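Visitor: One structure, pasted below without further comment.
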Amino acid sequence: MAERSTAAVDVADNSGDEPLTAKADQSTADGVAQNPERDTESDKAQGSGGIEETEKVSPPELHSGHKLARRYRLEECVTRLDGFSSWRAVDEKLRRAVGVHILPADHSRARSVLAAARSSALLGDPRFVQVLDAVEENDLVYVVHEWLPDATELTALLAPGPLEVHDAYQMVSQIASAMAAAHREGLAHLRLNPNAVLRTSSGQWRIRGLAVNAALRGISSDTPQRTDTEAIGALLYAALTQRWPYESDAYGLSGLPKGVGLIAPDQVRAGVHRGLSELAMRALANDGATASRHEAPCTTPEELVKAIGEMPRIRPPEPAYTAPPEYQRTTYQQGTYGRPSPPGATQVLPTPPPPLQSRTGKALKWAVSALLIAALGLGSWQLADALMDQGNKSEDTKQTQTTDGNDKTGDKTKPVKTLAIQGAKEFVAKGDPQHPNDVDKTYDGDKSTYWRTSSFIGGPVLAPYKPGVGIVYDLGSVQDVSTATIGLYYSGDHTTVKLYATNSLSPSSLDSMTQLGTVTTTGTSATVKVTKHVKSRYVLVWLTALPHADSDQYSDAGYKQAITDVKFTG
C-alpha cells in the first residue's frame, strides 16, 4: 500500500537541494556549475557529526522522463550516492521545477529520511528551502522540495574572494536566526556547509537540506546545537577569509597551514572586521574564547544570535559616485554631419549672420516691440483706473463685509474634528505581546510617555518573523476616520504604519479587517490619510517595518520603535 504524507507547505520559490557528486563542474541542485564537495571529505572537514555504517543498497533504476505519482517528471540526476539519488524534476501539475531525493523503501535510512522530511515540512519557515512532499510508493521513498533557480551557493560566492563586511554580517545574522528557530522546534541540520547556504537574487539567505541532508547520509550528533553553531562559525570564517578553518581543504577553499592551529580571521587576512572575527572564534570549537577579549564561547545558535545583537550594527557601504563623462563636441555640432572632410582638408565653416539680422531675427524684434507697447498701454490704463477709484472710497471700507446665504465658498470646507479615544488594547497576530500595559500612554496627552516594541534582530520589515505589531483603539462610537497622526520615538530608515478598521477591541486576525491607508516615514511622526472610507468604532494602528536604533536603558540595539501619542480626526 502506498503511503503519502500531508506535508503541504507554502512555497516561496523554486529550488534544488543537494550538491553534486564528486564529478567536477556539473550543475548543482540550483543549476550553478561548481566544483562539488566530496561527501566523505566534507563531513570530516567540517569536524561535526558521525556517519553511520550502512550496507550498500543499489539505487532504483530510474531515468530522465520517469514520472513519480504521475506528477513529478525526472529531468536530470544531480547526485547518486550511497543508494540514493537526487534529481531535478518538473511538477507537471503546478508547472514548476522541483528537486527530488529518491531511495529504495528497504534502504536502512528510508524511515529516518521520511521522518526528517515530514518534520522539516511542518516547520514552514521561509528561510529554509521547503519540503513539499514526502512519499512512500511502489517500493520507493522520495522527498520533493523547492528548487531555487535564482539562488547562488556560498561556495560560488566565495570563489572570487571573501564577502564584503556587510554581506558577511547579513549572512551570519540570517543563518544564525534561522537555525535558532529550527532548534526551538527540535530540528537540527548537521550538514551546514557552504553548499547548503544560498543567496537569492533579492539578497535573502536561505538554508537547504534541514534535517534531510543528514538523514540521507546517516549523520547524527550527540550535541546537535553545538554542531550547528560550530558550522555557522566555519561559514563566517570562510566568508571573511576565503579559507576553511581546518587543516584540510574543502568546498573549493584552502585549509589553514598545518601545525598552526585555529587562528583568528583577522590574523589570516588584513582588513577583516574585528567584531566579526571574534564572533567566528566564539562560535568555533577553540577551547573557550578568543585570546584578545576572552569572551564566553557560543555553544548554541540562540547564544550566537544574542552575541550578534550585542554587536554594533554594520551598515551597507555607500554607493560609489561615478563622475559623468566629459562633454565632447560631436561632428554634428561642428556642422560636418553627413559631409566628412577629405583627409588633410581644412573645413571652412559658414559665417553666421549678425545677431537679429536674419529674417527670423527681424520678425522677433517686431514681436517684442509690439508686446512692449501693449504692456505700457495696459499699465497706464490700470494706473489711471486706480487713481480714479481712490477718490471714490468712503467709510464703507471700514464696515464689516458679510456673506449671504448664496456664497458657495462657505460650503466647500468640511469641519474637521478630533475623535476622542475611549480605550485601547495591544493586538498580537503572532508570537509574544510587546508591552500591553503601556498602551494608554499613547493617548494620555503626554509626549514623554510611550508604548514601545521589542528589539528585533532582523529588519526593517518584521515579516516573516512577525506580520507586525500594533494597538487597537476604541473611539467610543462608529466614526468616519479621515486621518491618523502617530508620534514616533525613533527616527531612521524606516517605519511603515498601516491603518485598519476592525469590528472589536480584540479582533481575531488581520484577515477580518479592512485596510484604510498606509504610510512610510523616516522621521518621528507619521500621518496616515484614509484612502478607503469605512465607518468603524475600532481602528488598528499597525507597524510592519521598524528603524534600527542603538541600545538604551530599555532595550538592546536592533530594529524597534515606540509610539508617543496617537490622534484621530474625522
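The values are calculated or read from the model by the stated rules, or taken from the named source; none is laboratory data. This one's a predicted model, so the numbers in the text were calculated from it and none came from an experiment. Cβ coordinates were reconstructed from backbone atoms using ideal geometry, including for glycine residues, and neighbour counts include every protein chain displayed. Heavy atoms of the whole protein, side chains included, go into the accessibility calculation; ligands, DNA and RNA do not. Shrake-Rupley method; radii C 1.70, N 1.55, O 1.52, S 1.80 Å.
Visitor: Non-local amide H neighbours of G517 (under 5 Å, H modeled in plane, Pro and chain starts lacking H): which ones?
Guide: Long-range HN contacts for G517: L499, T531.
Visitor: Convert each backbone phi in the range 531-542 into a coupling constant with the Karplus relation 6.51 cos²θ - 1.76 cosθ + 1.60 (shift: θ = phi - 60°), then list the ³J(HN,Hα) values in order as whole Hz, x for Gly and Pro.
Guide: 9, 10, 6, 9, 6, 7, 8, 10, 10, 9, 9, 10
Visitor: Another question, if that's okay. Can you tell me the accessible area per residue over the range 430-519, all protein chains present, probe 1.4 angstrom, in square angstrom?
Guide: 44
Visitor: Let me ask you something else. Can you tell me which of 76-82, 89-95 comes out highest on packing, and rank the rest after it, using the mean Cβ neighbours within 10 Å?
Guide: Result, highest mean Cβ count within 10 Å first: 76-82, 89-95.
Visitor: For E295, enumerate residues with amide H under 5 Å from its amide H, sequence gap 5+ or separate chain, H modeled in the peptide plane.
Guide: Residues meeting the criterion, in which the H sits 1.01 Å from N, are T290.
Visitor: Can you run phi through the Karplus equation (6.51, -1.76, 1.60; θ = phi - 60°) for the range 223-237 and list ³J(HN,Hα) in whole Hz, with x for Gly and Pro?
Guide: Each residue of the range 223-237 in turn: 10, x, 5, 5, 4, 5, 5, 4, 5, 5, x, 5, 5, 5, 4 Hz.
Visitor: If contacts are Cα pairs under 8 angstrom and at least 6 residues apart, what is the relative contact order of the range 495-570 in percent?
Guide: The value is 34 percent.
Visitor: Taking a threshold of 22 Å on the Cα-Cα distance, which of the pairs K417/K560; K306/K441; K425/K447; K466/K567; K447/K532 fall above it?
Guide: Where the Cα-Cα span goes over 22 Å, the pairs concerned are K417/K560; K306/K441; K466/K567; K447/K532.
Visitor: Provide the packing ranking of 251-260, 213-222, 434-443, i.e. peptides ordered by the mean count of other C-beta atoms within 10 Å per residue, highest first.
Guide: Packing order, densest peptide first, comes out as 213-222, 434-443, 251-260.
Visitor: Let me ask another. Per 0.36 nm of contour for each residue apart, how much would the distance between K417 and K67 grow if the chain were fully extended, relative to their Cα-Cα spacing?
Guide: Between K417 and K67, full extension yields 119.3 nm more.
Visitor: Between the range 362-379 and the range 81-139, what's the alpha-carbon centroid distance in Å?
Guide: 85
Visitor: Roughly how many Å is it from the Cα centre of the range 497-570 to that of the range 164-205, as a whole number?
Guide: 30
Visitor: Rank these residues by their accessible area, most exposed first, probe 1.4 Å: T300, T522.
Guide: I get T522, T300, largest accessible area first.
Visitor: How far, in nm, would the chain grow between S477 and K258 when pulled straight, counting 0.36 nm per residue and subtracting the alpha carbon separation?
Guide: This chain segment gains 71.2 nm when fully extended.
Visitor: Now for a different question. Please give the per residue accessible area of the range 74-142, computed with a probe of 1.4 Å over protein heavy atoms only, in Å².
Guide: 36
Visitor: While we're on this one: On the principal axes of its Cα set, how long, how wide and how thick is the range 99-178? Give whole Å, largest value first.
Guide: Each principal axis gives a Cα extent; for the range 99-178 these are 49, 25, 23 Å.
Visitor: Solvent-accessible area of H548, probe 1.4 Å, all protein chains present, reported in Å² to the nearest ten, please.
Guide: H548 has an accessible surface of roughly 30 Å² with all protein chains in place.
Visitor: Using the Karplus equation 6.51 cos²θ - 1.76 cosθ + 1.60 (θ = phi - 60°), what ³J(HN,Hα) coupling, rounded to whole Hz, does each residue of the range 168-178 give in order, writing x for Gly and Pro?
Guide: Listing the rounded values in order: 5, 5, 5, 4, 5, 5, 6, 5, 5, 5, 5 Hz.
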